[in-house]
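The structure appears below as structure tokens.
Just so it is clear, none of the values below were taken in a lab; they were calculated from the coordinates. What you see is a predicted model, and the numbers here were worked out from it, not measured in a lab. Quick reminder, even Gly has a Cβ in these numbers, built from the backbone with ideal geometry, and neighbours come from all protein chains shown.
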Amino acid sequence: MKRVLTVLFILLIALNSNAFEVKIRDLTSVVGVRYNQLVGYGLVVGLAGTGDGTSVYFTINSIVNALKRFGVTLSKTDIQSLQMKNIAAVMVTANLPPFAKQGDRIDVTVSSIGDAKSLQGGTLIMTPLRGPDGKVYAVAQGPVSIGGYNAGAGGNKVRKNHPTVGRIPNGAIVERQVNVDINSKSSFILALKTPSFTMATRIAKTINGFYRKQIAFPLDGGSVKVVVPPLYRGDVVELISQINQLSVNRTTVPRVVLDEKTGTVVVGGDVTIEPVSISHGDLTITITSKKSVSQPNPFAAGQTKTITNKKVSVKEGKGKFLSFPKGATVSELVQALNKAGATPRDMMAIFQALKAAGALNADLEMM
């Protein structure tokens, strides 16, 4: 009977591949099957003089304790004369994937917690990574890749990206696995990644329609409970696999996302605006300083001094009114603003004003 259902399942997916939009696996996750965060404290060695200074005492204590484990004992005088510029204290973080087994490798992120200038060229020495329960689940070690640099000479500096945070791809080995016994469950819960009463109901109806029995029940807008049928007792993995391949029509919420840090504006294609007129000016304030030397007369009693002359200029651009009818799309709005010479940061201010005026038919999300 199970083989017959599997064949029917494959045929249904093939026949309806164009009839649906999104698979259930892209909309939900099984409660209890998730990533677990790990964290550890370690040392990065081998830096080219860009490590922590002598004022970072926890770095000094860490290297002293590390040397003790290798049979090297330092006197107080030796400790006081230590130069730590080739070493940096770091916090190491990682995400332990579900079903990760002993011996699997995971990526780690290394972040400086002292006053190190850069982690470029450094190597993380063996660092245990612990979970919220205090147990060690992985051990990290390896060369740090920062994807940038920090250099300077003669008072001039050049910096690319963020040199005090780096990654070690496959830099940690899993030592302890988190056991999740799926097959012994009599029921499980599908958690929606984006809560919606409509989508929860659709998912439950899709599952019940395929298996032709009431096994899925929407608990709320964010979760659907699935009772394991007798045919799949002890084989819940196959049931979840089949449910993940089922598809439902997805309804999206119009949204505009603004990232003020980078000046990025992301707008969905189905976002519309109400009838509105927009005028946006441009105010620029510039303060410049120029140094000059005040030289007194040869026989005067004055002194030669450096004087800073400041100049303040204010420039206000002319605003242009742009009118849009009912049902106009944001794509038309952006095209008009681009022609008017609006920058991404100008658009951010305009979108916020549209939302405040009730003319933007979308959710506004600030990052």
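Miscellaneous remarks
- Placed amide H near SER223: partners under 5 Å, 5+ positions off or other chain: LEU192
- Proximal aspartates and glutamates relative to LYS355, as straight alpha-carbon distance under 12 Å, when same-chain residues fewer than 8 apart are discounted: GLU274, ASP363, GLU365
- Cross-link pairs LYS185/LYS225; LYS261/LYS339; LYS23/LYS225; LYS85/LYS135; LYS23/LYS193 - those with Cα-Cα distance over 20 Å: LYS261/LYS339; LYS85/LYS135
- Annotation for THR306 and ILE125: the two label points, set 7 Å from Cα along the Cα-Cβ direction, are 4.5 nm apart.
- Ranked by the mean number of other Cβ atoms within 10 Å of their residues, highest first, the peptides 24-30, 206-212 fall in the order 24-30, 206-212.
- If the segment from ASN338 to ALA48 were pulled out straight at 0.36 nm per residue, it would be longer than the present Cα-Cα gap by 99.7 nm.
- Residues whose amide H lies under 5 Å from that of GLY114, counting only those 5 or more places away or on a different chain, are ALA89; hydrogens are built 1.01 Å from N in the peptide plane.
- Contact order normalised by residue count of the stretch 37-174, Cα under 8 Å, 6+ apart, percent: 30 percent
- Residues LEU246, LEU38 in ascending order of nearby Cβ atoms (within 10 Å, fewest first): LEU246, LEU38.
- Extension gain (nm, one decimal) between TYR41 and SER277, 0.36 nm per residue minus Cα-Cα: 79.4 nm
- Length available on full extension from GLN245 to VAL22: 0.36 nm per residue minus the Cα-Cα distance, which gives 79.3 nm.
- For the stretch 37-174, a/c is not less than 1.5, where a ≥ b ≥ c are the root eigenvalues of the C-alpha gyration tensor, and a/b does not top b/c. That puts it in the oblate class.
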